[in-house]
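Read-outs throughout are calculated quantities, based only on the coordinates presented, and are distinct from any laboratory measurement. Everything quoted here is computed from the prediction, not taken from an experiment. Note that we place each Cβ from the backbone using ideal geometry, even for glycine, and neighbour counts take in every protein chain shown.
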Amino acid sequence: MNEATEKKEVEIENTEENLNMEESLDQVEQAEDVNEAAAESEILDEEIERDNEISELKEEIMRMRAESENIRKRNARELENLRKYSLDKFTKALLPVADSMDKELEANASQSVQMTVEQMIEGTKMTQNVLNKVLIEHGMEIINPEGEKFNPEYHEAMTQIPHPDLAPNTIVDVFQKGYILNGRLIRPAMVVVSK
């Protein structure tokens, strides 16, 4: 072989190697392009999934807001009804007392009915008993502390008088009864206390 042939063979080999390298580089570039496309596709899929998740969360928040608003409106309506009709049961219970007083006044005004003072007092006591029963049934406690020890939490001293038969700070007389509703003082009893 001559030198020129050898050079051509070396050139051909180099060219073949270069072609092989170029093919390998093309394959590597194609693989990189495929990997890059796959990564972009994966990123796009993740973004779509994230967008769907955000949309679902927004819808859930809107439903929760609507539900919260409905609950608030329902509670406001129930509270208003409670305010309006909370005394309904108590008022119905007081109606017999009002009826009894009306009958007593009719009897007193009527010329044909003759009533003695004792009968009038008896009728008034019966009406008072009905009223007290209604009050007690609805959680009211009546404070009538005559003869008891003075308690500033439940009694209001109007005056003090000397009373040799009673210990100091004993209630001698009750000007006005007091009332407690379900454990809460509504009005203290107004009393006279011994010195």
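For every helix of n ≥ 4 consecutive DSSP H residues, a contribution of -39,500 (n - 2.57) applies; sum these over the chain, divide by its total residues, and give [θ] at 222 nm rounded to the nearest 500 deg cm²/dmol.
Value at 222 nm, helices only, nearest 500: -24000 deg cm²/dmol.
Over 25 Å between Cα atoms: which of Lys92/Lys133; Lys125/Lys195; Lys125/Lys149; Lys103/Lys125 fall into that group?
As for pairs spanning more than 25 Å Cα to Cα, those are Lys125/Lys195; Lys125/Lys149.
Amide H of Ala157 versus every other amide H placed in the peptide plane: which residues, excluding those fewer than 5 positions away on the same chain, fall under 5 Å?
Result for Ala157 returns Val191.
Can you tell me how much longer the chain between Asp88 and Met140 gets when fully stretched, taken as 0.36 nm per residue apart minus their C-alpha distance, in nm with one decimal?
Here the segment from Asp88 to Met140 would lengthen by 17.1 nm.
Name the residues whose placed amide hydrogens come within less than 5 Å of the amide hydrogen of His163, ignoring near sequence neighbours (fewer than 5 apart) on the same chain.
Counting only residues 5 or more places away or on other chains, the set is Lys195.
Under the rule of at least 5 residues apart or a separate chain, name every residue whose amide H is placed under 5 Å from the amide H of Gln176.
Under 5 Å from the amide H of Gln176: Met190.
Suppose we keep just the DSSP beta bridges with both residues in the chain; what percent of those would be antiparallel, to 5?
Within the chain, antiparallel bridges account for around 65 percent of the total.
Pick out, from Pro164, Gly147, Ala189, the residue whose Cα sits farthest towards the positive end of the charge dipole of the range 141-195, with +1 on the Cβ of Lys and Arg and -1 on the Cβ of Asp and Glu.
Checking the options against the dipole of the range 141-195, the answer is Ala189.
Quick check for me: using +1 on Lys/Arg Cβ and -1 on Asp/Glu Cβ, what's the dipole size of the chain about its Cα centre, in debye to the nearest 20?
With only Lys, Arg, Asp and Glu charged at Cβ, the dipole is about 5060 debye.
Could you order the peptides 171-178, 119-126 from most to least packed, using the average number of other C-beta atoms within 10 Å per residue?
171-178, 119-126
Report, in degrees rounded to the nearest 10, the 0 to 90 angle that the Cα long axis of helix 117-137 makes with the longest principal axis of the chain.
Roughly 20 degrees between the two axes.
Could you work out which residue, out of Glu156, Glu22, Glu78, moves most in a Gaussian network model of the chain, that is, has the largest mean-square fluctuation with Cα springs under 10 Å?
Top of the fluctuation ranking is Glu22.
Just report the Cα centroid separation between the range 97-135 and the range 157-188, whole Å.
Result: 28 Å between the Cα centres.
I'd like to know which of Thr124, Leu105, Ile136 lies farthest towards the positive end of the charge dipole of the range 87-138, counting +1 on Cβ of Lys and Arg and -1 on Cβ of Asp and Glu.
Ile136
For the chain, take the longest principal axis of its alpha carbons; what is the angle in degrees between that and the long axis of helix 3-85, to the nearest 10 within 0 to 90?
Taking Cα atoms only, the helix is inclined about 10 degrees.
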